[in-house]
Amino acid sequence: MKILVTGGTGYIGSHTCVQLIEKGWQPVIIDSLVNSKISVLERIEKITGTRPAFVEGDVRDADLLQKVLREHAIEAVIHFAGLKAVGESISMPLKYYDNNVHGSVVLMEAMKQCNVKTLVFSSSATVYGDATKMPLKEDAPTSATNPYGQSKLMVEKIIADLCTSNPSWSITALRYFNPVGAHESGLIGEDPQGIPNNLMPFLAQVAVGRREELQVFGNDYQTPDGTGVRDYIHVIDLAQGHLCALAHAHGKAGYHVFNLGTGKGNSVLEMLNAFGKACGKKLKYKIASRRPGDVAASWADPQKAQSVLNWKAEKSMDDMCQDTWHWQSQNPNGYP
Ligand code: NAD
Ligand code: UFG
């Protein structure tokens, strides 16, 4: 199967491309490189022996998309391309709606023109807003607390309407919980530009000496140790979820929504300790005030993905920390 992977040089896309190649499927990447480096391609080649086809371009470029879909005889699309910094989305909402919502509409229109009707979309647990009833099932109420989350919700709604309008579409929205970790080779991993927004890359940069200490955003939540609780999922398990979703959806019509999480929550302090163990260092931290917009706790009910997709997260917290540390220690400054 030939699969167009938008955002395929990014963090989750690159790991998914490795798994696609290992399964014998052919990824064709389109990425504008706005948040990734071209050297990712060499790393994918080092791991798999295959350099994926790559087109540098933007998903909002309708003509380019049609050209790529036709020339490569694409059968399905995985749509990772998008912007994901929650804080930036609050200060620059138009940038986020244009990239994430408009970009997705242009992509689906191009797919329609080229009669490619199978799509897997990167959604997020952020669509559950500030839900308090855990674990989160796919039919829990949705809402958004920032423009990034709103953009994911809007695209989910557009997809639902599209599938209603024409039953030949087969579209799967995967709601990721908190992706962490890296490929066990240490060759690919998460390489945020600037100060990391997320916990795990921040911890990794403290461990490698790029940052002084972690700020723990709040220790007065209604959680066992007072710090925020999240469902951390190894990026390799997450990548595997895309292959299962494609195998399930290809040729099967309709709109499908699945959580991809482990079903377990861990606190910030638990993560700090687990990462300290993996890197063999005591990581400095200080308690800071809550980060605006954060929820106390969020974890998935992953049962639906298990029963329908036959997918289950396999990797442990130790794997997540060890693989992140392997990647970060081998690439202290990220990709060249
Ligand atoms: P990433 O930034 O590493 O990867 C996204 C890739 O898309 C980058 O390579 C970037 O250059 C590219 N891109 C962005 N806008 C583009 C455009 N208009 N045209 C072409 N390429 C474009 O992010 P990631 O962590 O791999 O996330 C992938 C997807 O998963 C995103 O849609 C994100 O919103 C979603 N998601 C991520 C997380 C997370 O915590 N990492 C959680 C939930 C959902
Ligand atoms: N945290 C800190 N210090 C930091 C960074 C994070 O204490 O420097 C805490 C947060 O307060 C939270 C936990 O660590 O309690 C996890 O925070 P992340 O920023 O790593 O992850 P979030 O759950 O806030 O958000 C992530 C993505 C979103 C996505 C969401 C659900 O950033 O895009 O997961 O998938 F929507």
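All of the numbers you see were taken from the coordinates with simple rules; none came from a lab. Owing to the predicted nature of the structure, the values given are computational and were not obtained by experimental measurement. Note that we place each Cβ from the backbone using ideal geometry, even for glycine, and neighbour counts take in every protein chain shown.
For the reader, a short list of remarks on this structure follows.
- Region 149-226 - percent relative contact order, Cα under 8 Å, separation 6 or more: 11 percent
- Of Glu314, Glu138, Glu184, the residue with the greatest mean-square motion in the GNM of the chain, using alpha carbon springs below 10 Å, is Glu314.
- Charge context of Met317, other residues only, Cβ under 14 angstrom, K/R +1, D/E -1: -3
- Contact order relative to length of the chain, as percent, for alpha carbon pairs under 8 angstrom and 6 or more apart: 19 percent
- Förster radius 25 Å - calculated FRET efficiency between Ile287 and Glu88, Cβ distance, rounded to 0.05: 0.50
- Antiparallel DSSP beta bridges within the chain, as percent of all bridges there, nearest 5: 5 percent
- Under 27 Å between alpha carbons - lysine pairs in region 250-336 that sit 8 or more apart or on different chains: 18
- The calculated FRET efficiency for the pair His102 and Ile38, based on their C-beta separation and a Förster distance of 22 Å, comes to about 0.30.
- Rough spin-label spacing in nm, given labels placed 7 Å along Cα→Cβ, for Gln306 and Lys137: 1.4 nm
- Anchor Lys67: aspartates and glutamates whose Cα lies under 18 Å away (excluding residues fewer than 8 positions away in-chain): Asp31, Glu56, Asp58, Glu75, Glu109
- Each label was represented as a point 7 Å from its Cα along the Cα-to-Cβ direction; for Thr50 and Asp220 these points are 5.4 nm apart.
- The ellipsoid equivalent to the alpha-carbon distribution of the chain has semi-axes of 31, 23, 18 angstrom, derived from the gyration tensor eigenvalues as √(5λ) and listed largest first.
- Sum of -39500 (n - 2.57) over DSSP H runs of 4+, divided by residues of the chain (222 nm, nearest 500): -11000 deg cm²/dmol
- Spin-label pair Ser185/Asn115, simplified geometry with 7 Å Cα→Cβ offset, distance in nm: 3.7 nm
- Under 16 Å from the Ile158 label point (7 Å along Cα→beta-carbon), backbone N, region 86-104: 93-104
- Across region 226-336, C-alpha contacts under 8 Å between residues 6 or more apart give a mean separation that, scaled by the residue count, equals a relative contact order of 42 percent.
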